[in-house]
Amino acid sequence: MTFRASILTLYPDMFPGPLGMSLAGEALANQKWSLEVKNIRDHSLGNHRTVDDRPAGGGPGMVLRADVLAAAIDAVSAPDDPRPRLLMSPRGRPFTQGEARLLSEGPGLVIVCGRFEGVDQRVIEARGLQEVSIGDFVLSGGEIAATAILDSIVRLLPGVMGHDHSGTEESFENGLLEYPHYTKPREFEGLTIPDILTSGDHAKVAAWRQAQSLALTEERRPDLIAHMKKR
Ligand code: SAH
């Protein structure tokens, strides 16, 4: 069973974009996952192809209509579709590596990209959309968030990253930030590689990396350490 992604957007030309290149693009070409992109505007109303309207209660901007979005969702996802439906939203739960790994083990995803001020609350409830955010900042649309989320999932799919890299040593996978990396040349602008890394002593290297990870996380992301202690 391959991972199936369906994306609903007003800007279908933004896809596959980065997802068509490098690791994700090769996996797409090799059918390790599939991507369906649908234009929400195909379900617009009337001659003017309307998809949005003024917010009830007044205020700035426009809101994506519930009926238009629901029709677009129903065209790609039947009620018994097992795939989670995510709505890209700055007020959603923060997306994490843990969720990326969980989703990579599932059947796929339906992703709704918002635009304008957002979407009518009733379609969120009526179609069981889970609001997910990629960070505490506001994008102009959900497409970049959808691209980021899918990229993080696709690289974890079986056979995508290759045998030499399981992905389990990376930042967040063990709750910590990753240790620093070095490669050739041995000396760069007077800066050398820490001796331990060239000592050939694998146990010492592992211990050094673990200590670096911990120190870096304590310095940059104490919240991650606090989160680990709670678990
Ligand atoms: N008025 C909204 C912001 C709308 S931004 C608010 O204050 O919450 C327009 C669209 O961009 C959103 O509907 C969402 O789909 C997307 N978007 C913006 N920031 C995002 C983020 N941090 N994570 C995920 N999606 C985001």
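Computed from the coordinates by the stated procedures, all read-outs in this text should not be read as laboratory data. Everything quoted here is computed from the prediction, not taken from an experiment. Cβ coordinates were reconstructed from backbone atoms using ideal geometry, including for glycine residues, and neighbour counts include every protein chain displayed.
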Checklist outcome for this item: So F172 and R49, fully extended at 0.36 nm per residue minus their Cα-Cα distance, gain in nm 39.9 nm
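Calculated from DSSP H runs of 4 or more alone, at -39500 (n - 2.57) each and per residue, what is the 222 nm mean residue ellipticity of the chain, nearest 500?
Calculated from helices alone, the mean residue ellipticity at 222 nm is -9500 deg cm²/dmol.
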Checklist entry - Which residue, T192, T50, T168, has the most motion in a Gaussian network model of the chain that connects Cα atoms within less than 10 Å? => result T192
Checklist entry - How high is the FRET efficiency from D223 to D151, r the C-beta distance, R0 41 Å, rounded to 0.05? => result 0.95
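Give, rounded to the nearest 20 debye, the magnitude of the charge dipole that region 1-130 has about its Cα centre when Lys and Arg contribute +1 at Cβ and Asp and Glu contribute -1 at Cβ.
So the magnitude is around 160 debye.
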Checklist outcome for this item: Taking only the Cα positions of region 3-154, the convex hull volume per residue in Å³ is 114
Item to check | Mean Cβ count within 10 Å, highest first, over the residues of peptides 194-200, 183-189, 115-121 | outcome: 115-121, 194-200, 183-189
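Would you mind getting the Kirkwood hydrodynamic radius of region 187-230 from its Cα pairs, rounded to one decimal in Å? If you can, show how the numbers build up before the last one.
On the way: mean 1/r = 0.0817 Å⁻¹.
So the Kirkwood estimate lands at 12.2 Å.
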Checklist entry - Where in the chain are the DSSP H helices whose C-alpha atoms run 15 Å or more along the long axis and whose mean Kyte hydropathy is at least 0.0? => result 66-76, 143-154
Checklist entry - Using mean Cβ contacts within 10 Å as the protection proxy, how do 69-75, 213-219 order, highest first? => result 69-75, 213-219
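How much length would be gained if the chain were fully extended between E189 and L102, taking 0.36 nm per residue of separation minus their Cα-Cα distance, in nm to one decimal? Write out the running numbers ahead of the final one.
Values: separation 87, 0.36 × 87 = 31.32 nm, distance 4.27 nm.
That pair, E189 and L102, stretches by 27.1 nm at full extension.
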